[in-house]
Amino acid sequence: MTRGRPRSFDRDAALEQALRVFWKHGYEPASIAALTEAMGIRPASLYAAFGDKRRLFGEAVARYQATYGAFPGAALAEEPTARGAIERMLREIAVNYTDPAHPPGCLVISGAVNHGPDAADVEDELREIRRRSRAAVAERLRDGVADGELPEDADVDALAEFIAAVVRGMSRSAQDGATAADLRDVADLAMNAWPRP
């Protein structure tokens, strides 16, 4: 039994570069030529290693969620209060979305803002990730109601949607050049809307 030739590139490093291209440009504008140039491979190697552009994007999104985009989930899980969790999440967003070490904003928010009919499933995938994130925030807020942090009649779903809208706006602002300090101010103003028990 003969073995195929080993790939002559670091798949993980190539995926990281593809992630950054998608993050900077979005799914549709990221051409195969731009991806392969950033990844340092030929198109044939991309197809052999990742299948096609759509599957490569799916892997890039999964990597993003496990690395750059993992901090909101950590804030929701680790902070002892719901308010502390949301405040930490928004303050970390201010820093993360403006970090010059990588493209600004959030890949899950901006990765498929403009797309044609052929890429509708990409937007569906990202929308579902955003829906799950919003649901996780709502669940943490329900914990806050149960713990007496929030009023019993607090509209948890509306508050979760408000927080999601703030996050989307922070992502866009970061892409427009807002600084971490600018977004910390946004986070502080958003927390002023926190209902009092």
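Filtered by the rule that a residue be open to solvent by less than 10 Å² (accessible area, probe 1.4 Å) and either closer than 10 Å to F57 by Cα or not in a helix (DSSP H, G or I) (or both), segment 24-35 gives G26, A30. Just to be sure before I move on: is V122 modelled with pLDDT under 95 and open to solvent by less than 20 Å² (accessible area, probe 1.4 Å) in the structure I sent? In short, yes.
Of all residues in segment 152-197, those satisfying the criterion of being among the polar types (S, T, N, Q), open to solvent by 20 Å² or more (accessible area, probe 1.4 Å) and not in a loop (DSSP other than H, G, I, E, B) are S173, Q175. Among what's in segment 146-185 and is free of Cβ contacts under 8 Å to residues at least 12 places away in the same chain and under 19 Å from L76 (Cα atoms), pick the residue that is nearest to the chain's Cα centre (by Cα). If we take residues in segment 146-185 being free of Cβ contacts under 8 Å to residues at least 12 places away in the same chain and under 19 Å from L76 (Cα atoms), then A165 is nearest to the chain's Cα centre (by Cα). Note on segment 52-77: among residues that are of a type in the set (F, W, Y) and assigned to a helix (DSSP H, G or I), the one that is surrounded by the fewest Cβ atoms within 10 Å (Cβ to Cβ) is F71.
Residues in segment 90-112 that are part of a helix (DSSP H, G or I) and either free of Cβ contacts under 8 Å to residues at least 60 places away in the same chain or surrounded by fewer than 16 Cβ atoms within 10 Å (Cβ to Cβ) (or both): E92, V95, N96, V108. Answer yes or no as to whether R131 is open to solvent by 70 Å² or more (accessible area, probe 1.4 Å), basic (K, R) and either under 22 Å from G58 (Cβ atoms) or part of a loop (DSSP other than H, G, I, E, B) (or both). It is true that R131 is open to solvent by 70 Å² or more (accessible area, probe 1.4 Å), basic (K, R) and either under 22 Å from G58 (Cβ atoms) or part of a loop (DSSP other than H, G, I, E, B) (or both).
The set of residues in segment 37-51 being out of contact with any Lys or Arg (no Cβ under 6 Å at 6 or more places or on another chain) and assigned to a helix (DSSP H, G or I) consists of E37, A38, M39, P43, A44, S45, L46, Y47, A48, F50.
The values are calculated or read from the model by the stated rules, or taken from the named source; none is laboratory data. Note that the coordinates shown come from a computational prediction; the quantities given were computed from them, not determined experimentally. Because the Cβ atoms are built from the backbone with ideal geometry, glycine has one as well, and the counts that use them run over all protein chains shown. Accessible surface areas use protein heavy atoms only, side chains included; no ligands, DNA or RNA. Shrake-Rupley method; radii C 1.70, N 1.55, O 1.52, S 1.80 Å.
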